[in-house]
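Comments concern the structure below.
Each reported figure results from applying straightforward, stated rules to the coordinates on display, with no laboratory input. Being a predicted model, the structure only gives us computed values, none of them experimental. Methodologically, a virtual Cβ is constructed for each residue, glycine included, from the backbone with ideal geometry; neighbour enumeration extends over all protein chains shown.
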Amino acid sequence: MPAIPGPRTPAQLFRAGRAFQHSLPEGLEHLRDSYGPVSVFGVGPTRTHFLFGPQANSLVMRNEDNFRFSGAYDMLRPIAGDTALVTTDGEPHARRKRKSRPSFHRGGAEESTRLILASIDETIGRWRPGQQVDVHRALRSAIRSAMLRLFCGERLAAQERFLVAELDRIHELMDYPLPQQLIAWKLPSAARGRALKAISAVERRIYEEIRRRRRAGDPGGGRPRSDGHPGDLISVMLSDDGPAMSDREIRDMVVSALIAGYDPVGSGLGWAVYNSLNTPGVWQRMREEARQAPEGEATAAARVRELRYTNWVVQESLRTHPPVVMSPRRCVRGFRYEGHLIRAGSLVAVSEYITHRSPDVWSEPDRFVPERWDTSRDGYRAPTPFEYLPYGYGGRRCIGANIAAVVLPAALSRLARRTTLDLRTRQPQYGGIPALIPRDGLFAEVGVAPQEERADGVLAKEPR
Ligand code: HEM
């Protein structure tokens, strides 16, 4: 049986390491271009088998029994916890995921959109003509504020400054380039020490909140369920609906939602802004669509369905810049793939990014073309779930997908309607590991907003 291709000589190992050091997409592209659709790279516990393309995605994502999260996301254990969705499998994983559902569906998704849009409005309301803003950073902060409320409730969200400082210390390590990161989580270092101290500070506050609510017999933390809104994530996890959850399980769910939540949404929105501003005519067309969209009483989800073009923009941006670039798994049993034997216990990874940029699937894959999502155009073919998978697939599909599918077009439409931005970062470099981000920021100069649409409402009151 032929050996699995991959970098072996010192020169090859150096080139591959350097590519991953630059960014995760660059590392993955290097392996694909140099070694093809199956390769192996890394030493000891970091040795990973990379399988690229829809067929590999289907094999790995449809066989959850054999391709497991536990053992693949172990480096996140000290942060996410032993009962988190990303560190568990099988029935315990499914039970906890089911329990959290109300936070992410219908009423939960509606409330998320309302809070996130309010937070974005506040942010863009502070922008002034002529000011240079890092759009990605500003939007990420706005989303983070809203998510603290959504997941932890008002009392903890009031400690935002403290929590954000601690969460940033955790992210510092999570955003190390992959080669260093895999080592940094295992060996003592100053950054690891800071991250571990930060997570104990955050979890102490979360535990206090859970215990306070239990003692008071008040799962909602003072807030009654209303208008079909299920309350924050802590209250959903404390509720009597479904199986009871331990304090540990609730802590792990809340921490996971925080660390897995605001970064990908910030990334998705940041890249959508970049792609729209960088492609002539897109911002203007979204603005016109936003002005024509009915306001009315309908739900955010219903309103967003009317934003046909903006939805294409979001779908296309999640294709060219998927926030989650790669999905690792640990295989329980050995398996054969493309004539190669991959042994039991191996670390395996598939890649959303490589799939979304594959010329075998997409014409001109590197071009940003929102119209390719127009189902009425000649020759349109819907991608299969393994050709386009920004939110993953099956039992491990993203819990936040429903929220993101509404929030991203709603927020992008709001930005196009109320702001004029002149892109200054023309060629952003990739950074980030848990989510793909513009490494050195995404700068734009704020222009004069269309008169009647300024978020702070000042001009809206003037006669036209
Ligand atoms: C644009 C936004 C988002 C994108 C593109 C995204 C992408 C993904 C992807 C691709 C996966 C599957 C990973 C794999 O199979 O290895 C995933 C899982 C997950 N996501 Fe998201 N995500 C987004 C937003 C969110 C939000 C808002 C939350 C907040 C709760 C969240 C929490 C999670 C969690 C906890 C998992 C693990 C699910 C499981 O193990 O069953 N994500 N996400």
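Magnitude of the Cβ-charge dipole of the range 305-464, K/R +1 and D/E -1, about the Cα centre, nearest 20 debye?
For this selection, approximately 660 debye.
Note the full-extension length gain between Ala118 and Arg381 as 0.36 nm times their separation in residues minus their Cα-Cα distance, in nm to one decimal.
91.0 nm
Say the dipole of the chain comes from +1 at the beta carbon of Lys and Arg and -1 at that of Asp and Glu; which of Gly90, Gln131, Ser363 then lies farthest toward its positive end?
About the Cα centre, the residue reaching furthest to the positive side is Gly90.
In whole Hz and in residue order, list the ³J(HN,Hα) couplings for the range 137-145 that follow from phi through the Karplus curve 6.51 cos²θ - 1.76 cosθ + 1.60, θ = phi - 60°; x for Gly and Pro.
These are the phi-based 3J(HN,Hα) values: 5, 5, 5, 4, 5, 5, 5, 4, 4 Hz.
What area, in nm² and to one decimal, does the C-alpha convex hull of the range 319-464 cast on average over all directions?
Averaged projected hull area, Cα only: 13.2 nm².
Pick out, from Ala404, Tyr353, Gly222, the residue whose Cα sits farthest towards the positive end of the charge dipole of the chain, with +1 on the Cβ of Lys and Arg and -1 on the Cβ of Asp and Glu.
Of the listed residues, the answer is Gly222.
So for the range 345-442, taking the charge dipole from beta-carbon charges (+1 Lys/Arg, -1 Asp/Glu), which of Ser413, Gly432, Tyr380 sits furthest toward the positive end?
Ser413
Among the aspartates and glutamates, which fall within straight-line cross-link reach of Lys97, defined as a Cα-Cα distance under 16 Å, with same-chain neighbours fewer than 8 residues apart omitted?
The reachable aspartates and glutamates, counting only those whose Cα sits under 16 Å from Lys97, are Glu64, Asp82, Asp89, Asp232, Asp240, Asp241, Asp247, Glu249, Asp252.
Long-range amide H contacts for Leu421: which residues qualify at under 5 Å (H placed 1.01 Å from N, peptide plane, sequence gap of 5 or more or a different chain)?
Here the answer is Gly447, since their amide H atoms fall under 5 Å of that of Leu421.
Which FRET efficiency value, to the nearest 0.05, is calculated for Asp360 and Tyr430 with the Förster distance at 22 angstrom and r the Cβ-Cβ distance?
0.45
Determine the relative contact order of the range 10-461: mean sequence separation of Cα pairs under 8 Å and six or more apart, normalised by residue count, in whole percent.
Computed over the range 10-461, the figure is 26 percent.
In whole Hz, what ³J(HN,Hα) sequence does the range 349-357 give by Karplus (6.51, -1.76, 1.60; θ = phi - 60°), x for Gly and Pro?
Listing the rounded values in order: 9, 10, 9, 5, 4, 5, 5, 6, 10 Hz.
Which translational diffusion coefficient, to the nearest whole µm²/s, is obtained for the chain from the Stokes-Einstein equation, given a Kirkwood hydrodynamic radius over C-alpha pairs, 37 °C and 0.692 mPa s?
Estimated diffusion coefficient is 142 µm²/s.
Report, for the chain, the % of DSSP beta bridges that are antiparallel, rounded to 5.
On the way: 22 of 25 bridges.
Of those bridges, close to 90 percent are antiparallel.
Mind listing the long-range amide H neighbours of Ile437? Cut-off is under 5 Å, sequence gap 5 or more, other chains count too, H placed in the peptide plane at 1.01 Å from N.
For Ile437, the qualifying residues are Gly431, Gly432.
List every residue whose amide H lies under 5 Å from the amide H of Phe50, counting only residues 5 or more places away in sequence or on a different chain, with H placed 1.01 Å from N in the peptide plane.
Ser39, Val40, Phe41, Ala349
Can you classify the range 1-160 as rounded, prolate or oblate using the Cα gyration tensor, where a ≥ b ≥ c are the square roots of its eigenvalues, rounded means a/c under 1.5, and otherwise it's prolate if a/b beats b/c and oblate if not?
Since a/c reaches 1.5 but b/c is at least a/b, the shape of the range 1-160 is classed as oblate.
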